[in-house]
Amino acid sequence: MLHRGGFLLLVSCVAATAAFAQEVPQAFTGARIIPVEGEPIDAGTLVVEAGVIKALGPAGKVEIPATAKRFDLKGKVIIPGLICTHSHIGGIGGGDGSGPVQPEVRIYDSLNVRDSGFRRAVAGGLTTLNIMPGSGHLLSGQTVYVKLRGSKTIEGICLRDKEGRILGGMKMANGTNSQRAPPFPGTRAKSAALMRAEFIRAGEYRDKLAAALDEPDKKPPRDLRLEGLVEVLEGRRVVHHHTHRHDDIMTVLRLSREFGFRVVLHHVSEGWMVAEEIARAKVPCSIILVDSPGGKLEAINLVFKTGGILEKAGVLTAFHTDDWITDSRLFLRMAGLGVRGGMSRKAGLEALTLAGAKMLDLDGRIGSLKVGKDADFVILDGDPLSVYTKVLETWVEGRKVFDRSNPEDLLHATGGYGAGADQEPYHCCFGDEGGGR
Amino acid sequence: MMPRIFTCILLLAVIPGAVSAQVAVRGGKVYTMTGPAVEDGIVIVRDGKIAAIGRAADIAVPEGFKVLEAAVVTPGLIDARSVVGLAGYFNHEHDQDQLERSIPIQPELRAIDSYNTREPLIEWVRGYGVTVLHTGHAPGELISGQTMIVKTTGNTVDDAALVPTAGISVTLGPSSLRGGGQSPGTRGKQISMLRAKLLQARSYLEAREKSVKKEGEKDEKAGEEPPVDLALEALASALRKEVPLLITAHRAQDIASALRLKREFDLRIILDGGAEAYLLTDELKKADVPVIIHPAMARYNGALQNASFNTPARLKKAGLKVAMQSGYESYVPKTRVVLFEAAIAAANGLGLEGALELITTSAADILGISDRVGSLAVGKDGDLALFDGDPFEYTTHCVGTIIEGRVVSDTPR
């Protein structure tokens, strides 16, 4: 009942996927393949069929179908498609200024899929994004997980589950971004109190729905706000929680424990101060490294060493662009900075790929190069963590969506005249000049 | 009496409170920026100045000198345009002194009156090898104020300042189009306001010069000396070419307007930002205008919508003088790091040494401080940056920063 549109959407999704899948098998040979799951393979072979990885291994040990179209990639490097767990591209507009909690607002109702930000994202090797509303609310709306398939409709890029349900999480925030004049909270304690009250109401609504399973007359009227929160309480929608300060991080963990919702901590600027606590709570972190601390009070202790400290504490750690805070074209740089700050190279690459896939519940489909997973991968001309390395091609589900040798793609990769004006993302209510996130 | 506030240069040999150590720095590769990199080189810094430089095999370390080693040694890095020290990392009203919004034209605002030497962002960039900052008032008003050049150490601004007034910041294009009466609401109005003010400054200058001259001759017709006007005084220094106008312009039409102003008033200008400068390389070359290019990773919205990673390479190829900047950030990150910005230029057509020029020799040249800094040569300041690999690689660390022979950072970053 919650997803009556599901069936129709599933049909359109299947049709879209079929149109993109390649009829002929493809064999990519000669490249150093870094599958992220498993050891790197020098001069490896990757076989793709119908948009899915069919085989992978050292040259000679992988059978290449006779009909396969071959791509010689000697001297190149193949890595899984990059996954950004926190992006704001596409001219997003989530919750507005009417109130601090807006679980009924869906970000995919606002996206402009023709925004040049999508072109830059594939130029950076990104293949899957979690596109989110901003952080100016306690809860600013539903996020959407998209595949950068090059489709020109939102229906064509959103990811769905087997029932055709559009996949996404719920964006929440605490700390100062969401604090201002009523009806927004004015303090941290008020922020927590408002959210607790919301979850308690949602729990009651969930109980009424459950009780009405046998007695349809007692079913409460649909309530879009509470439906969204019920999805959170039932674990069907992961909370992506903006949080910077160590005490705010602990507040998120406390609320998550109280209401049993699944959560990914985002930004986590002071996560290095409470790494053990985060590890004990078994909560993953999606972090961002920016070029200097500050710019807002909560980020004055942001350091490059966060990734390394979380890794050592055993916390599942991913990176995100927070585009436009950092540029999707330079997402590989994030792992470079993470390693600079003490992360292992292995964890650095995982943080761009598999770790993010896990946080989006998509690791069965993406995040590593593995037989049966989607053929989402990036071809590089060198070490993934070198500034001098270029993304040559980006492939999604067996289809090339970025090619640096194509002048139009190159324009989006490097910038230049006509690379395009973007729709400004709408971030309600805070951060005047920077359009804060 | 005319205050000569714009031409004085503070020569600081010694930073108060800091002993200039006698130090020798040995590098697997030493980029002197005066010639090819020296393999296994050494730099001897005595009393804050470079006393010798060359191959380690040829130069003996004087007795008692502290010896530091690094894989790569470069000159101390120069950030050719920043607001650090005026803008602080809290990003709250109390630490944001880079932009005064009361009126759109305020060339009299001095950077030296706003610089917080204890700002943590200074320490941050110093940790990445930055030894010199050209910092001051931000773009965002038609004339926002003055800039200055500092070393990234010093207990007071007087300790830090190399050049107390290095430029006057002018902004063309959308970011200073604030409208509402006092501020310009269109590009045409921007230029008319600037021209009117410069004409006023010219009259003021003529009247002042005339009165001073006539005073000596006791000519009764000389008339009254006009009262000192700090704003016109500042612009007069630009008309006398003592101080350049640092004109921030990104779109091609705004860059063209900057060149038109230069012609009309015979000004010395430096183009700041210049996102579309690649469209006007011939014009900029002809006008002999150097460019302090926007940060490579600047957000490509608004006036920067056509910005390109390749611009530094294209401008250099066209024969222009180009330096890199950290620029002005209003949110997160609160400052960029010029080393990281030059890295993107290195990867997009300039290569290691070409990009290094953007933050050493070319920057020093454009800012007029190459007698002191920007390259490693005997007699120049002992300012060095030490790295454990290619300075531009993401995974390389800056392992040391030395200013005038003193180690000011030694935590690998």
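Ordered by packing density, taken as the mean number of other Cβ atoms within 10 Å over each peptide's residues, highest first, how do A:264-272, A:361-369 rank? Intermediate values should be presented prior to the final figure.
Working: A:264-272: 27.1, A:361-369: 21.2.
Going from most to least packed, we get A:264-272, A:361-369.
Got a sec? How would A:Thr187, B:Thr152 order by Cβ neighbour count within 10 Å, fewest to most? Walk me through the numbers before you get to the answer.
Values: A:Thr187 9, B:Thr152 28.
Taking fewest neighbouring Cβ atoms as first place, the list is A:Thr187, B:Thr152.
Per residue of B:317-329, what is the mean number of Cβ atoms on other protein chains within 10 angstrom of that residue's Cβ? Each step should come with its number before you reach the end.
Working: counts 0, 0, 0, 0, 0, 0, 0, 0, 0, 2, 0, 0, 7.
Partner Cβ neighbours, averaged per residue: 1.
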Farthest positive-ward along chain B dipole, Cα basis, beta-carbon charges - from B:His94, B:Thr395, B:Pro139: B:Pro139
Sites A:Ala211 and A:Met250 - FRET efficiency at Förster radius 35 Å, r taken between beta-carbons, to 0.05: 0.50
Net lengthening on full extension, A:Lys305/A:Arg257 (0.36 nm per residue, minus Cα-Cα): 14.5 nm
Two-site label geometry, B:Ala57 and A:Glu39: point separation in nm, points 7 Å out along Cα→Cβ: 4.1
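Any of A:Lys61/A:Lys346; A:Lys74/A:Lys152; A:Lys61/A:Lys312; A:Lys76/A:Lys147; B:Lys151/B:Lys286; B:Lys29/B:Lys285 with alpha carbons more than 31 Å apart? Name them for me. It would help to have the intermediate numbers written out before the result.
Details: A:Lys61/A:Lys346 25 Å; A:Lys74/A:Lys152 33 Å; A:Lys61/A:Lys312 36 Å; A:Lys76/A:Lys147 24 Å; B:Lys151/B:Lys286 33 Å; B:Lys29/B:Lys285 34 Å.
Over 31 Å apart, Cα to Cα: A:Lys74/A:Lys152; A:Lys61/A:Lys312; B:Lys151/B:Lys286; B:Lys29/B:Lys285.
Write down the Å³ per residue value for the convex hull defined by the alpha carbon atoms of chain B.
Numbers: hull volume 60.7 nm³, N = 413.
Normalising the Cα hull of chain B by residue number yields 147 Å³.
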Peptide B:298-305 - average C-beta neighbours from other chains (10 Å radius): 5
Selected from B:Gly127, B:Gly302, B:Gly382 as most flexible by GNM, with chain B as the system and alpha-carbon contacts under 10 Å: B:Gly302
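Plugging the Kirkwood radius over Cα pairs into Stokes-Einstein for chain A, at a temperature of 37 °C and a viscosity of 0.692 mPa s, what D comes out in µm²/s? Before the final figure, lay out each step's value.
Values: Rh = 22.1 Å.
Translational D for this selection: 148 µm²/s.
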Phi-based couplings in Hz for the range B:356-368 (Karplus 6.51, -1.76, 1.60; Gly and Pro marked x): 4, 4, 4, 10, 9, 4, 5, 5, 5, 5, 4, 7, x
Net lengthening on full extension, A:Ala59/A:Arg345 (0.36 nm per residue, minus Cα-Cα): 100.5 nm
With Cα atoms, 0 to 90° folded angle of helix B:187-217 axis to chain B main axis: 80
Charge-dipole axis of the protein assembly as shown as Lys and Arg at +1 and Asp and Glu at -1 on Cβ define it, positive-most pick from B:Ala57, A:Ala27, A:Met170: A:Ala27
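Let a ≥ b ≥ c be the square roots of the eigenvalues of the Cα gyration tensor of the range A:137-293; is it rounded (a/c under 1.5), or, if not, prolate (a/b larger than b/c) or oblate? Display every interim value, and only then the final one.
Working: a/c = 1.84, a/b = 1.24, b/c = 1.48.
Because a/c hits 1.5 or more and a/b fails to exceed b/c, the range A:137-293 counts as oblate.
Give me the number: length gained by fully extending B:Asp266 to B:Glu69, i.e. 0.36 nm times residue separation minus the C-alpha to C-alpha distance, one decimal in nm.
Details: separation 197, 0.36 × 197 = 70.92 nm, distance 4.85 nm.
Taking B:Asp266 through B:Glu69 to full extension adds about 66.1 nm, to one decimal.
Which FRET efficiency, nearest 0.05, do A:Ala193 and A:Arg222 yield, Cβ-Cβ r, R0 35 Å? Before the final figure, lay out each step's value.
Details: r = 27 Å, r/R0 = 0.76.
With R0 = 35 Å, the Cβ-Cβ based efficiency is 0.85.
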Cβ-Cβ FRET estimate between B:Val228 and A:Arg236, R0 fixed at 56 Å, reported to 0.05: 0.20
Angle in degrees between helix B:252-265 and the longest Cα principal axis of chain B, rounded to the nearest 10: 70
Span from the the range A:230-278 Cα centroid across to the the range A:333-381 one, whole angstrom: 22
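Tally the DSSP beta bridges in chain A and give the antiparallel ones as a percent, rounded to 5. Please list the in-between numbers first.
Working: 34 of 62 bridges.
Antiparallel bridges: around 55 percent, rounded to the nearest 5.
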Relative contact order (%) - criterion: Cα under 8 Å, at least six apart; region: the range B:47-152: 31
Exercise: per-residue mean of other protein chain Cβ atoms within 10 Å, B:388-400: 4
Phi to ³J(HN,Hα) by Karplus 6.51 cos²θ - 1.76 cosθ + 1.60 over the range A:143-151, Hz, x for Gly, Pro: 8, 9, 9, 10, 9, 7, 7, x, 5
Cα extents of the protein assembly as shown along the three principal axes, largest first (Å): 108, 65, 48
Footprinting exposure proxy for A:Lys305, A:Lys74, B:Lys321 (fewest neighbouring C-beta atoms within 10 Å first): A:Lys74, A:Lys305, B:Lys321
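At 30 Å minimum axial length over the Cα atoms and a Kyte-Doolittle cut of -0.5, report the qualifying DSSP H helices in chain A, or say none.
Membrane-span-like by this criterion, though nothing is claimed about a membrane: A:188-211.
Expressed as cubic angstrom per residue, what is the convex hull volume of the alpha carbon set of the range B:302-395? Intermediate values should be presented prior to the final figure.
Details: hull volume 12.4 nm³, N = 94.
Looking at the range B:302-395, the number lands at 132 Å³ per residue.
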Packing-based exposure ordering (other Cβ within 10 Å, fewest first) of B:Thr156, A:Thr414: B:Thr156, A:Thr414
B:Thr335 long-range amide H proximity, modeled H, under 5 Å: A:Ser292
Candidates A:Leu129, A:Leu224, A:Leu159: whichever shows maximal mean-square fluctuation once chain A is modelled as a Gaussian network with Cα springs under 10 Å: A:Leu224
In nm, spacing of pseudo-spin labels at B:Glu39 and B:Asp288 (7 Å Cα→C-beta vector): 4.1
Choice from A:Leu410, A:Leu209, A:Leu316 showing the highest fluctuation, given a GNM over chain A with Cα pairs closer than 10 Å: A:Leu209
Amide H contacts under 5 Å for A:Ile300, placed H, 5+ residues apart: A:Gly294
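FYI, it's all coordinate maths here, none of it is from the lab. Keep in mind that what you see is a predicted model, and the values were worked out from it rather than measured. For neighbour counting, all protein chains shown are included, and Cβ atoms are generated from backbone atoms with ideal geometry for every residue, glycine included.
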